[in-house]
Amino acid sequence: MKYIIAIFLLVFSQIINGQANNSPDFLAKPYLQLGKRSSPQSLQLLWHAPISNDVWLAEYKNNGETEWKRATDQKFSTIAVGKIAPFSVYSTSFTSLKPGTTFQYRVSKNGKVIFSSEAESLKSPGQPYRIAISGDMGAGSNTAKKIAYEIFKTKPDMLAIAGDIVYNRGLASEYTTKFWPVYNKDDADTLGAPLMRSIPFVASVGNHDASTRDLNTYPDALAYYHFWEQPLNGPNGKEGGAFVPALVGSDANKKAFYDGAGDKYPNMTNFSFDQGNAHWTVIDSNPYVDWNVSTLRDWVAKDLVAAANATWRFVLYHHPCFNSSRAHYEQQQMRLIAPILEKGKVDIVFAGHVHNYQRTYPMTFVPDNQGSQLVAGANNTKTGKVVNGRWTLDKNFDGKRKTKLNGVIYITTGAGGQGLYNPEQTKDKDSWQKFTVNFESRVHSFTVMDVNGNTLVLRQLDINGKEVDRIKITK
Ligand SMILES: [Fe+2]
């Protein structure tokens, strides 16, 4: 009899806890984002959970504080796309963080704390900081997982992803297998690390994130808009306009996508934010963007003018325009705005797409036929455009003793997890374009940048943590 009662109590308690139907608390554990309006005092916390009437609460406290503060403005969107069981993406704001310190937060469900973590707030302009940058990450490969672990070991304050966040089509179902388990793993080892819960991630969209727009064939495409929450301070795009292609699909599939994406679609692909003493401009570099229409071009120019007081200006986009790899060499469309970035005094442009590491000299570029029209060359394809022109290289800069820039350095850091491109070119300097000063394609790698006032040290670390490049830049 005692035995029967014990079984009854066990089953009853499982039903009460919602475990009898194996329903998990989280479909994606809490992760940090910049939020729609980034400020040094704020970060956004998101998590995914099955649809329910559960009462959720997130609380936080800055290091040294004893009282928990309630996160504000909690809301959720329902993602009901494709064959995935509908679920909720919760989002809530931490708005009173102390810049440049750690903070604790916890998430409770129905009054019981079920998740807690420590995290880094954004920096104020006077503080040093470390940023990791890598592209082409979410392949779910063993190399991608090991790179996540190596990034974690460097203890960055933020991770910037230079596009191709998740392979192969940026689908919600692909995040489930290739992204959350790797970049928001409970513990750190060679299979991943608890990065997303402890530092904010920021991302530009790559071709694998943004070019699948047939919602009949892939109803859970464009999951970037469902899962990321980044600033909405870019230009107003319009679906079918100059920089947002039209969606394809039934009205029902489009509605399901719009309902999940909310106001993040379509503008969230071009935006800017500040971290420490740096301003970051994030741009959609996909070849569907028509740079002849001035809206986006003018926004980039104005955004950089507004950031004139920042010590450093960085740009993040996916398609590298000064690339020596034979792979994707013709995809040069971002050369069209090189003069705008130079005028805006950008220091470094970070890109991915090409799965290796490359660094250029500091350089300037004048595209041919530059006038009222930005004219791409004859090789104008769906994947990219040749843009010929004239470059000027600052060969005086050596990154060691001569550390002041005359021009923009272009970094390609696309070796974050996918198969490497053109390893045979690493030792074949004759195959490099004249603007390239370092090229490493034999090993997966990522970028770590330490900024301290007017001094910046950029290192490229390989999958074993070994340094493959290092430069210092000073103002
Ligand atoms: Fe790509």
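The values are calculated or read from the model by the stated rules, or taken from the named source; none is laboratory data. What you see is a predicted model, and the numbers here were worked out from it, not measured in a lab. Glycine also receives a Cβ, built like all others from the backbone with ideal geometry; neighbour counts cover every protein chain displayed.
Figure legend. Inter-residue proximity from the range 396-414: first residues within 13 Å of Phe314 (Cα to Cα) and aromatic (Phe, Trp, Tyr), second residues within 16 Å of the ligand (Cβ to nearest atom) and in a strand (DSSP E or B), beta-carbon distance below 6 Å, spacing 6+ or different chains. Indicated pairs: Tyr410/Val349.
From the list Val107, Val81, the one residue that fits, being assigned to a loop (DSSP other than H, G, I, E, B), β-branched (Val, Ile, Thr) and out of contact with any Lys or Arg (no Cβ under 6 Å at 6 or more places or on another chain), is Val81. When each of Phe350, Phe365 is tested for being within 16 Å of the ligand (Cβ to nearest atom), assigned to a strand (DSSP E or B), at pLDDT 90 or above and crowded, with 22+ Cβ neighbours inside 10 Å, the lone residue that passes is Phe350. Of the residues making up the range 262-276, those that are part of a helix (DSSP H, G or I) and within 17 Å of the chain's Cα centre (by Cα) are Lys264, Asn267, Met268, Thr269.
You will find that of Asp303, Asp298, the residue that is closer than 25 Å to Asn207 by Cα, within 21 Å of the chain's Cα centre (by Cα), among the acidic types (Asp, Glu) and modelled with pLDDT of 95 or more is Asp303 and no other. Number of residues in the range 47-70 that are under 23 Å from Gly276 (Cα atoms), in contact (Cβ under 8 Å) with a residue 12 or more places away in the chain and surrounded by 13 or more Cβ atoms within 10 Å (Cβ to Cβ) equals 3.
The set of residues from the range 323-338 being within 16 Å of the ligand (Cβ to nearest atom) and crowded, with 22+ Cβ neighbours inside 10 Å comprises Asn323, Ser325, Gln331, Gln332, Gln333, Met334. For beta carbons closer than 6 Å, sequence separation of 6+ or different chains, a first residue in the range 145-159 that is over 18 Å from Pro99 (Cβ atoms) and touching a residue at least 60 places away in the same chain (Cβ under 8 Å) and a second that is of a type in the set (Lys, Arg) and not in a loop (DSSP other than H, G, I, E, B), there are no qualifying pairs.
For the range 427-437, the condition holds for at least one residue, the condition being that it is at pLDDT 95 or above, closer than 22 Å to Lys466 by Cα and part of a strand (DSSP E or B). The numbered conditions (1) of a type in the set (S, T, N, Q); (2) farther than 26 Å from Leu43 by Cβ; (3) in contact (Cβ under 8 Å) with a residue 12 or more places away in the chain are all true for Asn236 except (2). When the range 224-237 is filtered for residues that are away from the ligand (no atom under 16 Å from the Cβ) and either of a type outside the set (S, T, N, Q) or surrounded by fewer than 23 Cβ atoms within 10 Å (Cβ to Cβ) (or both), the ones remaining, listed by number, are Tyr225, His226, Phe227, Trp228, Glu229, Pro231, Leu232, Asn233, Gly234, Pro235, Asn236, Gly237.
Of the residues Pro287, Pro320, the single one that is within 16 Å of the ligand (Cβ to nearest atom), assigned to a loop (DSSP other than H, G, I, E, B) and either modelled with pLDDT of 95 or more or out of contact with any Lys or Arg (no Cβ under 7 Å at 6 or more places or on another chain) (or both) is Pro320.
I need a count of the residues in the range 136-175 that are charged (D, E, K, R), within 16 Å of the ligand (Cβ to nearest atom) and farther than 11 Å from Gly417 by Cβ.
Count: 2.
Beta carbons closer than 7 Å, at least 6 apart along the sequence or on distinct chains, pair a first residue in the range 463-475 that is closer than 21 Å to Ile147 by Cα with a second that is among the acidic types (Asp, Glu) and outside any strand (DSSP E or B) for Ile463/Glu150; Gly465/Glu150. Being touching a helix residue (DSSP H, G or I) at 6+ places or on another chain (Cβ under 6 Å) and either closer than 24 Å to Leu122 by Cα or assigned to a loop (DSSP other than H, G, I, E, B) (or both) is a description that does not apply to His279. Filtering the range 214-258 to residues that are at pLDDT below 95 and either among the polar types (S, T, N, Q) or over 26 Å from Val293 (Cα atoms) (or both) leaves only Asn236. For the range 185-211, a residue qualifies if it is over 26 Å from Gln41 (Cα atoms), assigned to a loop (DSSP other than H, G, I, E, B) and away from the ligand (no atom under 16 Å from the Cβ), and the qualifying residues are Thr190, Leu191.
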